[in-house]
Number of protein chains: 2
Amino acid sequence: MAQVYYRMGIHEQQAQFDHFFRSYPDYGVHHAGYCINAGLEWFINWLSGVEIQKHELDYLREQKGRTGVRLFQDDFLDWLSRNFHFDNLSISAIPEGRVVHPNVPLTVVTGSLAIAQILETSLLNHLNFQTLIATKASRIKEAGRGNMVMEFGMRRAQYTGGNAGARAALIGGVDFTSNTGMSYLLGYPPKGTHAHSMVQAFMAMGGTELDAFRAYAEVFPDECLLLIDTINTLESGLPNAIKVFDELRRKGHEPIGVRLDSGDLAYLSVRVARILNEAGYPNAKIILSNELDELVLWQIITQIQEEAPEVGLLADEVINRLIYGVGTRLITSHGDSALDGVYKLVAIQKDGQWKPALKISENPAKIPNPGQKKVWRVYDKRDKAHADLISLQDEDPRGLDTVTLHHPTEYQVFHKLDSEKISHCEPLLEEVMKDGKMLYTPCSIEEIRARREADLEHLDLGVKRILNPHIYHVSLTPRLFQLKQDLIKRWDKS
Amino acid sequence: MAQVYYRMGIHEQQAQFDHFFRSYPDYGVHHAGYCINAGLEWFINWLSGVEIQKHELDYLREQKGRTGVRLFQDDFLDWLSRNFHFDNLSISAIPEGRVVHPNVPLTVVTGSLAIAQILETSLLNHLNFQTLIATKASRIKEAGRGNMVMEFGMRRAQYTGGNAGARAALIGGVDFTSNTGMSYLLGYPPKGTHAHSMVQAFMAMGGTELDAFRAYAEVFPDECLLLIDTINTLESGLPNAIKVFDELRRKGHEPIGVRLDSGDLAYLSVRVARILNEAGYPNAKIILSNELDELVLWQIITQIQEEAPEVGLLADEVINRLIYGVGTRLITSHGDSALDGVYKLVAIQKDGQWKPALKISENPAKIPNPGQKKVWRVYDKRDKAHADLISLQDEDPRGLDTVTLHHPTEYQVFHKLDSEKISHCEPLLEEVMKDGKMLYTPCSIEEIRARREADLEHLDLGVKRILNPHIYHVSLTPRLFQLKQDLIKRWDKS
């Protein structure tokens with residue numbers, strides 16, 4: 001495509017592409033009601049470092065079609081090698097960690113048609129996946145009532161994609177990852193536990209589970225966290241763990257707790273909690289793992305609420321001591337393993353004038369919003385996010401007496417909001433790069449997490465619900481709605 | 001765990017770990033009946049290049065527990081820095097491209113307990129994902145009746161995991177990838193098509209779809225493949241494409257064909273085929289894309305079989321000209337986005353003797369096969385794979401009058417096979433590394449693909465079926481079965 005643009009002389013025409021997703025992840029029986037934006041910094045880093053190498057140009061040079069004719073000519077490749085830089089590129093984006101919704105431009109790229117087009121795959125690759133995983137992590141963190149969550153997914157991840165996933169999981173609310181490399185990079189302490197094989201190794205050499213536990217406690221007296229389901233959780237693992245905990249305490253150390261990785265985790269949590277209490281360890285944590293996700297956490301918590309009172313425990317006391325180790329189902333976004341983010345041409349310059357570009361679809365909801373736009377979040381008087389509003393570039397809802405929120409596709413459906421019902425309208429897009437100059441300031445994962453937490457505070461509970469969340473409205477200004485309809489009509493006549 | 005082993009003085013004990021998966025990918029309404037082994041070469045490459053850097057040791061050195069005590073002591077870290085190499089490591093593995101089945105050791109690692117344990121995450125990360133994607137690709141290739149398949153998934157992949165996925169897709173039967181970097185690395189020509197945005201760009205600047213098509217044809221006269229659904233497939237895209245094809249032909253060029261990316265792909269394929277025929281392009285290809293996977297291909301082909309005769313076409317003529325562009329659903333293994341591959345301790349040396357190690361589970365099918373083993377594929381007289389047989393290290397079914405195939409968990413279930421019914425027994429594991437010496441010879445993707453094709457020839461049709469495939473048997477020799485049962489009994493008494 002770049003060579004076609006080059007040959008037609010339109011390769012340096014200024015063009016604008018919007019990146020957005022069309023629908024929330026749908027995990028099958030449940031779906032998300034919001035997403036957590038993530039991945040921008042890694043895309044920016046890629047952009048700052050990427051260049052075309054000579055061997056890459058040579059590879060393109062040697063590509064031939066069916067008839068043996070070269071696919072890419074020298075003049076085009078020369079232009080590409082001289083122009084594969086971002087001196088004219090401008091990017092604005094919604095910051096990482098923000099709550100985001102379908103059809104809202106999350107990243108807006110303006111630059112020469114050929115170069116902006118070439119960025120598509122890398123941009124989508126960086127942003128789609130991290131947003132997908134940050135969203136899943138946020139749901140899991142919410143389902144776990146804010147308890148500590150650890151990310152364990154590297155062994156089931158897509159190769160080094162597991163690194164991007166670990167970062168996104170931290171953004172989305174996970175507290176630690178067992179991915180030591182990413183912990184190092186992001187300034188986190190890595191966290192993990194021992195595996196069954198440690199107990200197996202001692203047993204295969206003629207020892208016992210107790211020997212294995214004692215060895216671990218000796219090496220990590222203040223970090224003692226024992227996996228108790230290698231033989232039998234209640235009959236072997238737990239009594240052995242308590243024996244070791246007692247020995248530790250006599251030496252002045254407090255254990256962390258136990259981990260359960262199989263069986264009925266809710267049933268076992270209640271029993272293990274009671275036995276730990278009776279043994280004098282009411283503060284020992286119970287770490288759960290084994291194919292956990294938001295739905296499984298919900299089920300476990302519900303079951304504990306029913307079963308804890310039966311054995312004389314307060315459900316909340318059991319639930320509050322749980323920690324969740326989440327692997328496969330987080331790192332692959334179980335149930336929906338791809339976000340449908342796209343990168344669409346929305347405007348192009350001709351004779352110095354911006355022309356909106358349209359992409360028609362039989363499904364009106366799939367027609368992207370054309371032209372250069374702004375994105376606003378409208379907050380009500382409770383300071384809850386009421387809707388996201390997409391406007392034309394020259395519109396500003398701030399200071400208007402009435403803000404009109406138009407349905408994105410239905411002619412007669414709109415909703416007028418008096419200014420007295422609005423607390424404020426917040427512009428969401430921020431400049432990241434301006435005419436090739438980097439304006440982006442790297443920020444810590446902590447800052448990004450704080451954004452997520454603040455945004456979740458501003459979301460109605462119904463939108464955060466795991467099952468059948470309320471639909472959050474993404475609306476257009478009347479002028480943007482009209483522009484889109486006019487273009488569709490013009491298109492139909494073409 | 002490595003530090004615990006170090007402190008107990010068992011870190012250099014020789015240990016064996018088996019890598020295997022427990023169940024075929026289950027995509028929901030359908031599941032796989034075989035897998036395609038993949039990822040080994042990349043794991044080997046990682047192993048050959050990995051080393052611990054000083055800053056990594058420093059990072060471990062500064063890790064502290066809750067009480068401020070350092071987690072890793074200097075003597076252990078010194079040992080680790082001196083011993084994080086693979087001089088004593090031996091690996092045997094089933095080659096990439098081979099058809100593989102659950103519970104069969106695919107990769108067997110023997111080395112010092114601490115070092116072999118440390119490899120777990122990397123090994124699983126490299127092998128689980130590529131095997132998952134090679135399997136999905138193989139199913140898609142089979143469902144597409146062997147027609148050309150192109151991989152388009154990078155934009156929805158897990159960051160650079162998309163590279164591993166593209167390689168695995170090629171191993172599994174995909175013919176080309178639009179991932180230019182991986183094509184370069186693997187010696188393939190990259191293949192792709194133009195996007196809607198090319199048509200949009202011309203239109204936004206006042207041109208037409210026909211202008212866009214003509215520009216493309218001018219630049220790529222011998223590779224002309226036009227995306228015809230930007231406006232309306234049958235009313236605009238196809239007539240415009242035929243106009244351009246006619247112009248090309250007058251200049252002596254033959255077009256490749258058209259791509260459909262939306263709508264009812266089966267219905268449209270039939271109509272487009274007929275119109276292309278009538279226009280004199282019976283050999284023009286029809287490339288389909290848009291959330292394709294094996295089930296969708298099956299549906300499309302079935303529908304064409306019904307609809308083609310209605311418009312006077314032979315169904316096979318339509319089907320044989322189809323090419324499939326497969327993205328998201330291949331690169332994420334839609335429906336089951338992780339293979340449940342594990343890495344389990346199965347034996348450990350004590351006093352120079354190998355001791356089998358067991359891991360108990362309430363579910364007998366989840367108890368790994370203990371000890372040092374061999375893997376055999378038993379072929380019947382039709383030269384079809386009859387079963388995989390796992391034996392003890394010193395067993396060899398070749399030359400036996402009768403081979404007994406024992407059910408992996410059920411006492412009374414076994415099956416005796418007379419040698420006259422057996423064509424041959426093939427050992428599947430090959431030595432890859434022996435006492436630190438690399439025996440692995442890199443091989444081309446073509447060689448790996450040839451292995452896959454040969455193995456698929458040896459599979460009964462029922463095992464390859466997309467829906468409800470026949471269960472392929474993975475059996476134990478009676479001696480291995482007995483060893484496992486004896487260990488379980490001994491374990492229960494412990």
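Every read-out reported here was derived from the displayed coordinates using simple, explicitly stated rules and does not represent laboratory data. Keep in mind it's a predicted model, so treat the numbers as computed, not measured. Cβ sites come from the backbone with ideal geometry, for glycine too, and all protein chains shown count toward neighbours.
Run the helix sum for chain B: -39,500 (n - 2.57) per DSSP H stretch of 4+ residues, divided by residue count, reported at 222 nm to the nearest 500 deg cm²/dmol.
Working: 18 runs with 189 residues, N = 494.
Counting only the DSSP helices, I get -11500 deg cm²/dmol.
Taking a point 7 Å from the Cα of A:Ile471 along the Cα-to-Cβ direction, the residues of the range A:98-118 with backbone N closer than 13 Å to it are A:102.
Using R₀ = 22 Å, calculate the FRET efficiency as 1/(1 + (r/R₀)^6) where r is the Cβ-Cβ separation of B:Asp460 and B:Glu420; round to 0.05.
On the way: r = 20 Å, r/R0 = 0.90.
According to the calculation, E is roughly 0.65.
Relative contact order for chain B using alpha-carbon pairs under 8 Å, separation at least 6, rounded to a whole percent? Each step should come with its number before you reach the end.
Details: 931 pairs, mean separation 104.5, N = 494.
Once normalised by length, the contact order is 21 percent.
Cα centroids of the range B:296-365 and the range A:272-314: 37 Å apart. When both the range A:70-127 and the range B:194-265 are represented by their alpha-carbon centers, they are found 24 Å apart. Under the combined filter of DSSP loop state and at most 15 neighbouring Cβ atoms within 10 Å, the range B:264-324 retains these GluC sites (Glu not before Pro): B:Glu291. Sites listed here are trypsin sites (Lys or Arg not before Pro) in the range A:383-455 whose DSSP assignment is loop and whose Cβ has at most 16 other Cβ atoms within 10 Å: A:Lys384, A:Arg398.
Each copy carries a label point for A:Ala365 at 7 Å from Cα toward Cβ; from one copy, the others' points are 3.7 nm away, ordered from shortest.
Shape descriptor for the protein assembly as shown: Rg over Rh equals 0.98 (Cα atoms; Rh from the Kirkwood inverse mean 1/r).
Counting other beta carbons within 10 Å of each residue's own, what order do A:Val100, A:Val69 fall into, fewest first? Walk me through the numbers on the way to the answer.
On the way: A:Val100 27, A:Val69 13.
Ordered by Cβ neighbours within 10 Å, fewest first: A:Val69, A:Val100.
In this calculation the C-beta distance from B:Glu446 to A:Ile52 is compared with R0 = 25 Å, giving a FRET efficiency of 0.35.
Other protein chain C-beta atoms within 10 Å of residue C-beta, averaged over A:159-168: 6.
Please report, in whole Å³, the volume per residue of the convex hull around the C-alpha atoms of chain B.
On the way: hull volume 97.6 nm³, N = 494.
Dividing the Cα hull volume of chain B by its residues yields 197 Å³.
Need one number: % antiparallel among DSSP beta bridges in the protein assembly as shown, to the nearest 5.
Among the beta bridges of the protein assembly as shown, antiparallel pairing accounts for roughly 70 percent.
If you plug the beta carbon distance of B:Lys437 and A:Asp264 into 1/(1 + (r/R0)^6) with R0 = 51 Å, you get a FRET efficiency near 0.60.
Shielding value for B:49-60 is 1, the average number of Cβ atoms from other chains within 10 Å of each residue's Cβ.
Using a 10 Å cut-off around each Cβ of peptide A:215-224, what is the average number of partner chain Cβ atoms that fall inside? List each step's numbers first, then the result.
Working: counts 6, 5, 1, 3, 11, 6, 3, 7, 6, 1.
Mean partner shielding for this stretch: 5.
A Stokes-Einstein calculation at 37 °C with viscosity 0.692 mPa s, built on the Kirkwood radius of the range A:137-331 over Cα pairs, returns a diffusion coefficient of 192 µm²/s.
Across the copies of the chain, B:His415 has label points (7 Å from Cα along Cα→Cβ) spaced 6.1 nm apart, shortest distance listed first.
Taking 32 Å as the limit for the C-alpha separation, the pairs B:Lys366/B:Lys464; A:Lys54/A:Lys136; A:Lys243/B:Lys355 exceed it in the case of A:Lys54/A:Lys136. So how do B:His55, A:His473 line up by other beta-carbon neighbours within 10 Å, fewest first? The fewest-first ordering by Cβ neighbours comes to B:His55, A:His473.
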